Every structure is written in C-alpha cells, then in structure tokens.
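Reviewing the structure listed below.
The values are calculated or read from the model by the stated rules, or taken from the named source; none is laboratory data. This is a predicted model, so every value here is computed, not measured. Neighbour counts run over all protein chains shown; Cβ positions are idealised from the backbone, glycine included.
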Amino acid sequence: MESYVEKAGLNDILQKIKSNERISREDGIRLFQSPHLLAVGYLANMVRERINGDNAYFIYNQHINYSNICTNLCKFCAFGKAKDSDKAYEMTREEVARKVRERMDEPVTEIHMVGGIHPDLPFSYYTDLLKEIKMIRPQVHIQAFTCVEIDHLARLAGQPVDRTLEILMAAGLGSIPGGGAEVFSPRIRKLTCENKLSGEGWLEVAKTAHRLGLKTNATMLYGHIETIEERIDHLDALRQAQDETGGFLAFIPLAFHPKNTQMADLSRTSGMDDLKNLAVARCFLDNFPHIKAYWVMIGPKMAQVALSFGADDVDGTVKEEIITHMAGAETEQAMSIDELVRLIKEAGRTPVQRGTLYDVIKTY
Ligand code: V47
C-alpha cells in the first residue's frame, strides 16, 4: 500500500502523518486533487486508527424539527419555508411533547432538535421546548439549535451569546449540533445564503459555547459551487478554532442534495467526492476526535465504506429526518440498532453505542 501512496505522489504527506506532523493547507489541496482515492483513504485510515482504534460509533437518537419557517431561505435548502408558504409548519410545545412521548418505549439517549430562523417566535418558546422535553424524559441529552439559531436566540433574548447559552443550558440544552456552518467563504455565503450568520459569526458562537463547557459539532456542506480551496479554508478555520478551545466533538461533511432547492440544476455528489471529503477531513482535522459519515445523506452503503476512509461514526437511528429528505434523499427514515451493528461489524470495526459525548453505552 505504501508503494502505491508513493506512486500517487503522496509520500511526503504519508511521512508527515506517520510522524504525527500536521499537514499544511497545500497538502490538503493536493489530497483533494489526487485521483488516487485509495491512497488518500489509506492516509485517513491511519489517522482514524491512531485516534479511535477499532471503534465505530453510533447513537440511539431522535430528530425533531420544531419548525421549517425561516427568514434566511438559503438557496441550497429545501427545508426552510417563508411564513406564508402553504408548506410552512410550526410545532406547539404540546406537539413536540407528543413526539417525545411517542418514543418513550425506545432507548433514545439523544434528541437532536433544530429548526429555521423564525421571524416571530419569542425566546421563551425555545426555553419552554427544552424544559418540556427534560420534564418528559429527564435523562435524555438535548443536542439542539445550530450556532446560527443560537445567534438568533441571543438577539431575541437581548443578551450576549454567552449569557443566552447559560439560560439555554439551565433549561436543558446539553450540546450544539454542527449545522449552519455551510462553507465559511464569504463568496459562497453571498451566492448561496446571504441572509445567514457569517462564517466568523458561526465560529464565534461555537467558541463561546466551548468556553462555557458546551461541546459542539461542525459541518461543511459540499458538492455545490465551492472550490477545493474554499473547502480547505473551511477546514483550516475549524482546525484553528479547535486549537483554541478543544470543544468540537465531531466533524460531519454534508453531501449537497439539490432536489427542490434553488440550486436544483446541480448534480448530486459522487461516491468519490463523498469519500474524499471524509478522508481529507480526517487527515486535516488532526485535533478533531471524531469524523462522522452521516448515513442519511450518503446512504448506509457509503457510510459503511467510509469506515475505511477516515470515519469512525455513522450517526444513529435518527427516524423522521426532514431536511435531507425534502431535498431528495432516497435513504430510509430510520435504521435499527441491529442494522447499524451489522453495518459496522461487516466493515471490520467494533460497534460502540455511544452517548452524545461519546461515553460508551454498549460495545457489541
Ligand atoms: O445546516 C441544508 C444542511 C444541515 C441541504 O451535528 C443540506 O451531528 C444537504 O447539520 N443538502 C442540517 N445538506 C443537518 C446537520 C446535521 C445532521 C446530522 C448530524 C449533525 C450533527 C448535524 O443540513 C444544515 C445545512 O448545512 N443542508 N440543505 C441540502 N439540500
């Protein structure tokens, strides 16, 4: 394999990775440009193995999207709707409570809850949702509200972000998911999501959360109009932020789904690109503990293969995923523990059911 890496012209990067030396921006660009997928995967696999051994993680989670009403209306998004759209919805506290109660007989350990930037729900709506969920299911970890929503909630609360987060934590917030990062590049944001919080703003919210002891994830939406350089700049900004705070848990590359979006003329991502994004991220983000292959977006088969290309996590049971399915995902809505365990075992890894903070619940 190492002679193949050498033939692929990546020997210098192999040597850096072997000696645990950080790879540069230019190295990252070369990895993205290389047509030698197996060579890039070999490097990523080395890093994965060093950090996570044989473990491959999954979680028993439930997704709740409390509202799709959004003032940002990003061009890549099929989920967000204007308030007056006939497809707009907004759950009451009782409706969210019903969703939680419906699954009380299942061993859900995490509720993943995100929505849009709603024009007029008050701050109390959000704290009430957290409190309600915790009242019904006190042990559950609530991973909710992207950094973009948190910035919006701070404006609603009329408080700085750190104080807002403290209020949300007191109401039951356990950690923050990785959405809303998209691509930090101002060029991409202007072309695809000009109303959205800036990349710097997103990073500032994440770092503020970390300073308060809240863990967060990070994502990158790839496969639309971004360049390789813009991808690496995004990863570089995340790597620098992680050097500062150490508060990121996982990085999740999100494969762009064009259907029903304002960018519907673009194609879906290729298998090559899906694996490359995971593998390059694993090599570049040497300070991120976990790289997640989100099976909902790339399909369970690709997520399985991804476990040999740098990923050590496949997300979880999910159920009722809306954001990707509105944009044309053909994957199922849910996977069972048995299916996830089989997928991971077949890939030669040890399935580990985890809590949100990667505490081990059960090793299979
Ligand atoms: O922020 C929107 C992206 C994100 C599309 O933290 C799209 O563990 C693809 O962030 N095609 C929400 N992606 C999902 C998300 C997430 C999912 C699973 C786990 C975690 C985690 C985070 O989905 C949005 C946006 O970046 N998105 N539209 C689309 N058409």
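For this structure, a couple of remarks:
- Any chance Glu194 is modelled with pLDDT of 95 or more and either among the basic types (Lys, Arg) or assigned to a loop (DSSP other than H, G, I, E, B) (or both): yes
- Residue count for segment 114-141 satisfying the condition of being closer than 16 Å to Gln62 by Cα and either more than 13 Å from the ligand (Cβ to nearest atom) or surrounded by fewer than 18 Cβ atoms within 10 Å (Cβ to Cβ) (or both): 10.
- Filtered residue count, segment 313-335, keeping only those that are modelled with pLDDT of 95 or more and surrounded by fewer than 17 Cβ atoms within 10 Å (Cβ to Cβ): 0
- For segment 340-356, filtered to residues that are under 21 Å from Val108 (Cα atoms) and among the charged types (D, E, K, R), the residue that is surrounded by the fewest Cβ atoms within 10 Å (Cβ to Cβ) is Arg342.
- Among the helices (runs of 4 or more DSSP H) confined to segment 227-334, the ones with at least 3 residues that are out of contact with any helix residue (DSSP H, G or I) (no Cβ under 7 Å at 6 or more places or on another chain) are located at 228-245, 323-326.
- Within the span defined as segment 78-86, every residue fails to be basic (Lys, Arg) and either more than 30 Å from Leu129 (Cβ to Cβ) or touching a Phe, Trp or Tyr at 6+ places or on another chain (Cβ under 6 Å) (or both).
- Scanning segment 225-256 for residues that are more than 17 Å from the chain's Cα centre (by Cα) and within 14 Å of the ligand (Cβ to nearest atom) yields Ile225, Glu226.
- Restricting Ile167, Ile150 to those that are under 22 Å from Val205 (Cβ atoms), part of a helix (DSSP H, G or I) and either within 15 Å of the ligand (Cβ to nearest atom) or in contact with a strand residue (DSSP E or B) (Cβ under 6 Å, 6 or more places away or on another chain) (or both) reduces the list to Ile150.
- Taken over segment 55-99, the criterion of being among the aliphatic types (A, V, I, L, M) and either free of Cβ contacts under 8 Å to residues at least 12 places away in the same chain or within 12 Å of the ligand (Cβ to nearest atom) (or both) is satisfied by Ile59, Leu73, Ala78.
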